[in-house]
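Peer 1: I'd like to ask you about the structure that follows.
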Amino acid sequence: MNERRLQRIELISLEQRRLRGQLIETFKYLNGLNNVTLEGLFERDGNVRTRNNGQKLLLRNFKTSQAMNFFPVQIAATWNQLPENIVSAGTVNTFKNRLDKFWITNPPPRTTSY
């Protein structure tokens, strides 16, 4: 019921807004656009043999369920699924606009862990 209301007034759910915000912060971090110095938060995957978006993040394996709630672990898989034209945007606003347009035809994943 609530989902139909959101669609009718053309809004996305709170879960999707959180994911969008996390992807925006990831974009800022990877492009040095914020004042946060968190070394080693993300590691770029250097594997050039596979098709990827050019800024693929390395997915780490953890043995505890607590580590799965860590921000970089949650966002890396979603980031890696984005097309290259989105992650290679020159500005934050361009990234936001391209992400929103992409999500019109490819809705974001629905999970409760974000």
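Just so it is clear, none of the values below were taken in a lab; they were calculated from the coordinates. Only a predicted model underlies this, so the values are computations on that prediction, with no experimental measurement involved. Glycine also receives a Cβ, built like all others from the backbone with ideal geometry; neighbour counts cover every protein chain displayed.
Peer 1: Arrange the peptides 86-92, 24-30, 98-104 so that the one whose residues have, on average, the most other Cβ atoms within 10 Å appears first. Could you put the intermediate results ahead of the total?
Peer 2: Working: 86-92: 15.9, 24-30: 17.6, 98-104: 14.0.
Put in order of decreasing packing, that is 24-30, 86-92, 98-104.
Peer 1: What are the residues whose amide H is under 5 Å from the amide H of Leu57, where those residues sit 5 or more places off or on another chain and H is modelled from the backbone?
Peer 2: Sorted by chain and number, the residues that satisfy this are Asp45, Asn80.
Peer 1: What nm distance separates the two modelled labels at Asn34 and Asn93, each placed 7 Å from Cα along Cα→Cβ?
Peer 2: Once both label points are built, they end up 2.1 nm from each other.
Peer 1: May I ask you to list the lysines whose Cα is less than 20 Å away from that of Lys56, ignoring any residue fewer than eight positions away on the same chain?
Peer 2: Within reach: Lys28, Lys96.
Peer 1: What full-extension length gain, to one decimal in nm, is calculated for Ser13 and Lys101 as 0.36 nm per residue of separation minus the Cα-Cα distance? Intermediate values should be presented prior to the final figure.
Peer 2: Details: separation 88, 0.36 × 88 = 31.68 nm, distance 1.61 nm.
Stretched fully, the Ser13-Lys101 segment lengthens by 30.1 nm.
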